[in-house]
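The values are calculated or read from the model by the stated rules, or taken from the named source; none is laboratory data. Only a predicted model underlies this, so the values are computations on that prediction, with no experimental measurement involved. Here the Cβ positions follow ideal geometry from the backbone for every residue, glycine too, while neighbour counts run over all protein chains shown. Each accessible area value is taken on the protein alone, full model and side chains, heavy atoms only, with ligands, DNA and RNA left out. Shrake-Rupley method; radii C 1.70, N 1.55, O 1.52, S 1.80 Å.
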Amino acid sequence: MGELWRSGWALKAMAHRMGYTMEHLGFVMRRDRARFPKRHKSFTQGERDQWADRVLSGELTPRRAAELAGCGASAVRKWARARRADA
């Protein structure tokens, strides 16, 4: 399991290959983060707001902001919607 994780396999593919549910593998991974470190970058609320402001001002597209931030465009669009709703 650790080798598949380090090789970049998706959790769904790992579960299918190993015959377990994604929920079970997720539980195992959360319990042993030393062997299964998070792959996704975490952002503070301030960082999310800054990226959202740059998108809402028209300075960046969601896709370009995502490339620069190192995350997915859907996350940036979600941050922008939330920021617009808060304003």
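Things to note:
- Under the criterion of Cα pairs below 8 Å and six or more residues apart, the relative contact order for the chain equals 20 percent.
- Over all distinct Cα-Cα pairs of the chain, the Kirkwood formula returns a hydrodynamic radius of 14.9 Å.
- Leu4 sits with roughly 30 Å² accessible to a 1.4 Å probe, with DNA, RNA and ligands left out of the calculation.
- Apportionment of accessible area to carbon and sulfur, the chain, percent (1.4 Å): 51 percent
- In straight-distance terms, cross-link reach from Lys12 covers every one of the lysines whose alpha-carbon lies under 17 Å from its own, apart from those fewer than eight places away in the same chain; here that gives Lys38.
- In this structure, Leu4 and Ser42 have a Cβ-Cβ separation that, at R0 = 25 Å, corresponds to a calculated FRET efficiency of about 0.65.
- Arg33/Lys12 FRET efficiency (R0 25 Å; Cβ-Cβ; nearest 0.05): 0.80
- Heavy-atom accessible surface of Glu59, to the nearest 10 Å², is about 110 Å², with a 1.4 Å probe and all protein chains retained.
- Arg81-Met22 pseudo-label distance in nm [points 7 Å out on the Cα-to-Cβ vector]: 1.9 nm
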